[in-house]
Amino acid sequence: MKFGVVTFPGSNCDMDMVHALREDSGFEVVQLWHKDHDLQGVDTVVLPGGFSYGDYLRSGAIARFSPIMASVVEHAERGGRVFGVCNGFQILCEAGLLPGALLHNASRKFIARDQHVVPVSRTAPLTAQLDPAVARRIPIAHGEGNYFIDADGLKALEDGDQILFRYSDETGATKSWANPNGSLDNIAGVANKGMNVFGMMPHPERAANADLGNTDGLDILLGLAAEVMA
């Protein structure tokens, strides 16, 4: 599977993602520029973390209009896979490729730390192969990670098995005190109805190599190449 990692002005996790996908996961990876229109035949487009366009207006609001995003939207509409992490998740919500919105953290403070999450969806390829009883320690680093969606939207996510991860403690308990940013229902990541667009606030690329002291994110990245579960 061929991956393309997009760099926007202000991206700062693009090379981390390139390394994690190429060196740690063994995928073919090309680098894409925000002004590109040609996706170079990639199977999966990855929007990495950072502060695209300085997070002016709100996170992801300007990057959503980058030239490359027209091609990303077309790719997703054809069934191609798209994965957004942190700022990439925010961009996908702004672009309407994922439901919901990312608000300011409830604490109004930037949070950077390791955070446990548990996989939820049993049909999304990103999480279907992960043990739902095992919490994974994945770094977070964001100021606007507070996921929100209205009641009808939340029900649709639940009915469609589209919730990818929930914030938890180390035992996998999804209690309010294990929620770092105030996200509705402890949601840390979601998928679209077609199960080909994925977004999450935690950074699996920062937990994909033994040299980093943590490989809990590696299987998440490998899930990007998994088949959709029936």
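Hey, does the range 139-148 have a residue that's out of contact with any strand residue (DSSP E or B) (no Cβ under 8 Å at 6 or more places or on another chain), of a type outside the set (S, T, Y) and assigned to a loop (DSSP other than H, G, I, E, B)? Walk me through it before giving the result.
We begin by selecting, within the range 139-148, every residue out of contact with any strand residue (DSSP E or B) (no Cβ under 8 Å at 6 or more places or on another chain); these are none.
Scanning the range 139-148 turns up no residue that is out of contact with any strand residue (DSSP E or B) (no Cβ under 8 Å at 6 or more places or on another chain), of a type outside the set (S, T, Y) and assigned to a loop (DSSP other than H, G, I, E, B).
For I62, work out the one condition from (1) surrounded by fewer than 14 Cβ atoms within 10 Å (Cβ to Cβ); (2) without any contact (Cβ under 8 Å) to a residue 24 or more places away in the chain; (3) touching a helix residue (DSSP H, G or I) at 6+ places or on another chain (Cβ under 9 Å) it doesn't fulfil.
(1)
Could you list all residues from the range 1-40 that are over 16 Å from M69 (Cα atoms), of a type in the set (V, I, T) and surrounded by 18 or more Cβ atoms within 10 Å (Cβ to Cβ)?
Selection gives V18, V29.
Considering only the range 179-209, state which residues are among the small types (G, A, S) and either more than 21 Å from I111 (Cα to Cα) or in contact with a His (Cβ under 7 Å, 6 or more places away or on another chain) (or both). Even if it seems obvious, please write down each step before you answer.
First, pick out the residues of the range 179-209 that are among the small types (G, A, S): 182-183, 188-189, 191, 194, 199, 207-208.
Passing the criteria: A191, G194.
Keeping to the range 71-88, report how many residues are on the phi > 0 side of the Ramachandran plot and crowded, with 21+ Cβ neighbours inside 10 Å.
Taking the range 71-88 as the starting set, the residues that turn out to be on the phi > 0 side of the Ramachandran plot are 79, 86.
With the extra rule that they be crowded, with 21+ Cβ neighbours inside 10 Å, the set shrinks to 86.
Selection size over the range 71-88: 1.
Against the conditions (1) basic (K, R); (2) within 28 Å of N214 (Cα to Cα); (3) surrounded by fewer than 22 Cβ atoms within 10 Å (Cβ to Cβ), where does K155 fall short? Just the number, please.
(2)
Of the residues D152, D114, which single one is without any contact (Cβ under 8 Å) to a residue 24 or more places away in the chain and not basic (K, R)? Give the derivation first.
Values: D114 fails: without any contact (Cβ under 8 Å) to a residue 24 or more places away in the chain.
Of the residues listed, the single one that is without any contact (Cβ under 8 Å) to a residue 24 or more places away in the chain and not basic (K, R) is D152.
Run down V72, V82 and say which single residue is part of a strand (DSSP E or B) and either in contact with a helix residue (DSSP H, G or I) (Cβ under 9 Å, 6 or more places away or on another chain) or at pLDDT 95 or above (or both).
Going through V72, V82 in turn, just one is part of a strand (DSSP E or B) and either in contact with a helix residue (DSSP H, G or I) (Cβ under 9 Å, 6 or more places away or on another chain) or at pLDDT 95 or above (or both): V82.
How many residues does the range 11-40 contain that are small (G, A, S) and in a helix (DSSP H, G or I)? Please lay out each step first, then the result.
Keep residues of the range 11-40 that are small (G, A, S), which gives 11, 20, 25-26.
Those still in the list that are in a helix (DSSP H, G or I) too: 20.
Of the residues in the range 11-40, 1 are small (G, A, S) and in a helix (DSSP H, G or I).
Those residues that are within 22 Å of D216 (Cβ to Cβ), assigned to a loop (DSSP other than H, G, I, E, B) and basic (K, R), I need them from the range 95-131; list them, please.
Selection gives R122 alone.
From the residues in the range 125-178 that are polar (S, T, N, Q) and closer than 17 Å to I111 by Cβ, which one is modelled with the lowest pLDDT? Can you show your working first?
Restricting attention to the range 125-178, the residues satisfying the condition of being polar (S, T, N, Q) are 127, 129, 146, 162, 168, 171, 174, 176.
The next check asks that each one be closer than 17 Å to I111 by Cβ; those that pass are 146, 168, 176.
Working: N146: 98, S168: 98, S176: 94.
So, considering only residues that are polar (S, T, N, Q) and closer than 17 Å to I111 by Cβ, the one modelled with the lowest pLDDT is S176.
Identify all residues within the range 174-225 that are touching a residue at least 60 places away in the same chain (Cβ under 8 Å), closer than 15 Å to V82 by Cβ and surrounded by fewer than 19 Cβ atoms within 10 Å (Cβ to Cβ); write none if there are none.
G194, A225
Mind telling me which of the residues I68, I91 ends up being more than 17 Å from the chain's Cα centre (by Cα), crowded, with 21+ Cβ neighbours inside 10 Å and hydrophobic (A, V, I, L, M, F, W, C)? Don't jump to the end; show me each part of the working.
Numbers: I91 fails: more than 17 Å from the chain's Cα centre (by Cα).
Being more than 17 Å from the chain's Cα centre (by Cα), crowded, with 21+ Cβ neighbours inside 10 Å and hydrophobic (A, V, I, L, M, F, W, C) holds for just one of I68, I91, which is I68.
Do the conditions hold for H104, that is, is it farther than 30 Å from W177 by Cα and either crowded, with 20+ Cβ neighbours inside 10 Å or more than 15 Å from the chain's Cα centre (by Cα) (or both)? Let's see the steps before the verdict.
Working: farther than 30 Å from W177 by Cα: no; either crowded, with 20+ Cβ neighbours inside 10 Å or more than 15 Å from the chain's Cα centre (by Cα) (or both): yes.
Here the answer is no, as H104 does not meet what is asked.
The values are calculated or read from the model by the stated rules, or taken from the named source; none is laboratory data. No experiment lies behind these values; they were computed from the predicted model shown. Note that we place each Cβ from the backbone using ideal geometry, even for glycine, and neighbour counts take in every protein chain shown.
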